[in-house]
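For reference, the structure is listed below as C-alpha cells.
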Amino acid sequence: MTINLNSTTFGKREERLGSVVGYVGTIQDLAVQSRCGTLKDRGRCFSQSSSCDAGCVLGYISHIRDVAIINHAPSGCAASASTVLTNQTQLAAKRGLPYDTVILGTDMNESDTIFGAAESLRETILETYRRYQPSAIFITTSCVSGIIGEDVDSVITETGEEIPVPVIPIHCEGFKSKVWATGFDATDHAVLSRIVKPPRKKGNFVNFKNFNESARDDIVEMFRDIGVDVFMIYSNTTLEELSHVSEALATISICGTLASYLGNGLEQQYGVPYIKTINPLGVTGFETWFREIGRVIGKEAEVEAYIQRQRAIYLPKIEEVKKKLQGIHVILGMGSSFAFQVARVVQELGMEVDYIASWHYDSRYDDGAPPPHVQYLAEHSPRNIGVSVADQQNFEILNILNKYKPDLYLARHPGTTVWAIKQGVPSIFMADEYMSFGYKRTLSFAYTILDRITNRSFERNLSSRIRLPYTDWWYRQDNASFYEGGR
Ligand code: SF4
C-alpha cells in the first residue's frame, strides 16, 4: 500500500496491514492465510486491558531530543510520561548527551468535552514555546479530542504561524486502532511528512530503526568493519539528524513491526532501499539479514569476511551450550515480529517451541508482502506449532501455560512474566531487543536460558505460597473457546 505523506493522518494497521488482535490456530495456517490475504480478526468473549497507540506514541516520539510533546487529552492519558522521560533521560546520560524533551498536556475536562478545548490547545502551544524554545512541538491526540471532533489541524496551522519552529500533529486517538503498534506508524508518519527533507547527496550510512540502542557500540563497530556508518533511530536523535535519513544507503531494523512504515516510506518516497529479510536474531537471522545488507549496499565481500571471522569465534561455543538445552520446552508471548523471530532462535538452539502467543499480528507489511519470519517458521519448524494472537491477555496466557506446562516462558512486556512465575513457570522478560542479536548475544542468550532453567527453586517456592484467582474449571477450558465461534 502506498504511503501518503500529503495528509496529516494515515491508515491504521487493520486497514493497511490486515492486522488482527484475535486469532487461534497454527503457524502453518497463519502463514497460508497471510499469503492468501484471508486472515480475519476474531472477536473475544472477554478482554483484559491492554495498551493504546497514543501511549505508544508518547513512548516513541520522546526518544527525540530537544522537542516538546503536547498531549491534547485528559491528564490520565499521559500517565506514562514520567516513566517514559526517566527512561529517555537515562538513555541520553548513558551516551553523555543532554536530554531536554518535555511532555505536557492540555488536561481536558468535562467542560472541554462539550465546548471544545481549541483555545486551551492554542495557549498551551504558545506557552510551551515561550518557556522551553524546543526545536519542534508535536501535538498528540487522544480518544477525547477525537470523539468531540476537535479541529486540531486548524489550531496547529494557525498557531504554527506565530512561532518559528514546526508544530506537528500526530493523530493517534486511542480508539483509532485496536493495535497499539499503530503508534509507531503515527510517529513515523509525523517524521516522514514533516521532518525528513529530500536528499542533498548520498551518505555513507545506514538507518537502523530500533528501540533503546543497547547494542549501539557493537553495531557501530560492526558497520565500521565493513566501511559504513550507522544512524540509530530514534533514541537520542535530533531533528536536524532526522531530516537527512533520506540520504542513507539503506534502512534496516531490529523488528519488522517497528520499521515497516518508516522503512517502506523512505523507499517509496526517496528510493532508500529497505531490508525486508527476517530480522537479525539468532545466527540464521543475523546472517540472512547482514548478507542482504551487503548485497544491497555493495559490501558483499566485507560482510562475508566479517561473518566468517565471527563464526570461527562463536559457533563452536554455541554448539557446546546447545547440547545442554536439548529437549527444553518453551512458550513465547511477544509482539508480532519478536514472537516468531525468537521462536526461530529457540529452535536453532535445540529447544522445542510448544506454543506462540503474539500480542497482535500483521498479515502483511507496507510493501504488501507477508511477514518473512512467519513464512520462514512455517517452512522450517519441525512441527506445526499452535499460535494465538491475544493482546497481552494474561488470563489466556496462564491457561496456555497450565495446559502445556513448559520448562520456560519467554516474554516481552513485563506483566505476563510475573504471572507465569507465580504459576511456577521459569520465565525470562526479554526487555532488551538485542538479547539474541548476532553471534555474541545468541551465545549469551543461550547461557541465560541455561541459568534460568537449572535452578527453578524461586518459581517453585513462590508458586507454593501464592493462590492465583483461576479455578480448576477455568484451566480446563480450551483457549480457543475464549474467541467468538470457538475453534
Ligand atoms: S488515548 Fe484513549 S485509550 Fe489511550 S489512554 Fe487516553 S483515553 Fe485511554
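The values are calculated or read from the model by the stated rules, or taken from the named source; none is laboratory data. Just so it is clear, the structure is predicted and the values come from calculations on it, not from any experiment. Here the Cβ positions follow ideal geometry from the backbone for every residue, glycine too, while neighbour counts run over all protein chains shown. Just the protein is used for accessible areas: all its heavy atoms, side chains included, with ligands, DNA and RNA removed. Shrake-Rupley method; radii C 1.70, N 1.55, O 1.52, S 1.80 Å.
If we scan region 182-195, do we find a residue that is more than 16 Å from the ligand (Cβ to nearest atom) and within 16 Å of the chain's Cα centre (by Cα)?
Let us first name the residues in region 182-195 that are more than 16 Å from the ligand (Cβ to nearest atom), namely 188-195.
So of that shortlist, the ones also within 16 Å of the chain's Cα centre (by Cα) come out as 188-189.
So far as region 182-195 goes, yes, one or more of its residues are more than 16 Å from the ligand (Cβ to nearest atom) and within 16 Å of the chain's Cα centre (by Cα).
Residues of region 126-147 being among the small types (Gly, Ala, Ser) and more than 16 Å from the ligand (Cβ to nearest atom), which ones?
Matches in region 126-147: Ser135, Ala136.
When you scan region 27-43, do you find a residue that is buried (at least 21 other Cβ atoms within 10 Å of the Cβ) and closer than 12 Å to Asp391 by Cβ, even just one?
Scanning region 27-43 turns up no residue that is buried (at least 21 other Cβ atoms within 10 Å of the Cβ) and closer than 12 Å to Asp391 by Cβ.
Within 16 Å of the ligand (Cβ to nearest atom), in a helix (DSSP H, G or I) and free of Cβ contacts under 8 Å to residues at least 24 places away in the same chain, is that true of Thr89?
Numbers: within 16 Å of the ligand (Cβ to nearest atom): no; in a helix (DSSP H, G or I): yes; free of Cβ contacts under 8 Å to residues at least 24 places away in the same chain: yes.
Against the criterion (within 16 Å of the ligand (Cβ to nearest atom), in a helix (DSSP H, G or I) and free of Cβ contacts under 8 Å to residues at least 24 places away in the same chain), Thr89 does not qualify.
Looking at Glu150, Glu173, can you tell me which residue is outside any helix (DSSP H, G or I) and either more than 30 Å from Ser336 (Cβ to Cβ) or more than 16 Å from the ligand (Cβ to nearest atom) (or both)? Talk me through it step by step, then tell me what you get.
On the way: Glu173 fails: either more than 30 Å from Ser336 (Cβ to Cβ) or more than 16 Å from the ligand (Cβ to nearest atom) (or both).
Every option except Glu150 fails the conditions.
Just the residues that are in contact (Cβ under 8 Å) with a residue 60 or more places away in the chain and more than 21 Å from Ser436 (Cβ to Cβ), please, taken from region 216-232.
Residues satisfying the conditions are Ile226, Gly227, Val228.
Quick test for you: out of Thr113, Thr101, Thr106, pick the one residue that is open to solvent by less than 30 Å² (accessible area, probe 1.4 Å), within 13 Å of the ligand (Cβ to nearest atom) and hydroxyl-bearing (Ser, Thr, Tyr). So that I can check it myself, show each step before the final result.
On the way: Thr113 fails: open to solvent by less than 30 Å² (accessible area, probe 1.4 Å); Thr101 fails: within 13 Å of the ligand (Cβ to nearest atom).
On inspection, the qualifying residue turns out to be Thr106.
Can you spot a residue in region 23-39 that is within 18 Å of Tyr483 (Cα to Cα) and touching a Lys or Arg at 6+ places or on another chain (Cβ under 8 Å)?
yes
Select, from Thr159, Thr128, Thr182, the only residue that is crowded, with 24+ Cβ neighbours inside 10 Å and among the hydroxyl-bearing types (Ser, Thr, Tyr). If you could, list the steps in order and put the result at the bottom.
Values: Thr159 fails: crowded, with 24+ Cβ neighbours inside 10 Å; Thr128 fails: crowded, with 24+ Cβ neighbours inside 10 Å.
On inspection, the qualifying residue turns out to be Thr182.
How many of the residues making up region 39-54 are more than 18 Å from the chain's Cα centre (by Cα) and closer than 30 Å to Leu266 by Cβ? Lay out the reasoning, then the answer.
Keep residues of region 39-54 that are more than 18 Å from the chain's Cα centre (by Cα), which gives 39-49.
From what is left, the residues that are closer than 30 Å to Leu266 by Cβ are 39, 41.
The qualifying residues number 2.
In the set Phe429, Phe437, which member is within 24 Å of Ala215 (Cβ to Cβ), buried (at least 20 other Cβ atoms within 10 Å of the Cβ), at pLDDT 95 or above and aromatic (Phe, Trp, Tyr)? Full working, then the answer.
Values: Phe429 fails: buried (at least 20 other Cβ atoms within 10 Å of the Cβ).
Residue meeting the stated conditions: Phe437.
Tell me yes or no: at least one residue of region 53-75 is within 16 Å of the ligand (Cβ to nearest atom), touching a helix residue (DSSP H, G or I) at 6+ places or on another chain (Cβ under 9 Å), closer than 21 Å to Ser177 by Cβ and open to solvent by 60 Å² or more (accessible area, probe 1.4 Å).
no
Would you kindly identify the helices (runs of 4 or more DSSP H) lying entirely within region 383-487 that contain at least 2 residues that are under 24 Å from the mean Cα position of the chain (by Cα)? So that I can check it myself, show each step before the final result.
Numbers: elements: 394-404, 415-422, 438-454, 457-464, 472-476.
It comes to 394-404, 415-422, 438-454.
From the list Thr8, Thr38, which one is at pLDDT 95 or above, assigned to a loop (DSSP other than H, G, I, E, B) and more than 16 Å from the ligand (Cβ to nearest atom)?
Values: Thr8 fails: at pLDDT 95 or above.
Result: Thr38 is the single residue among Thr8, Thr38 that is at pLDDT 95 or above, assigned to a loop (DSSP other than H, G, I, E, B) and more than 16 Å from the ligand (Cβ to nearest atom).
Tell me the residue from Glu247, Glu240 that is surrounded by fewer than 20 Cβ atoms within 10 Å (Cβ to Cβ) and in the same structural domain as Val296 (by TED's automatic domain parsing), please. So that I can check it myself, show each step before the final result.
Details: Glu247 fails: surrounded by fewer than 20 Cβ atoms within 10 Å (Cβ to Cβ).
Unique residue meeting the criteria: Glu240.
Give the residues of region 256-295 that are without any contact (Cβ under 8 Å) to a residue 40 or more places away in the chain, within 22 Å of Glu348 (Cβ to Cβ) and in a loop (DSSP other than H, G, I, E, B), sorted by residue number.
Ile275, the sole residue that qualifies.
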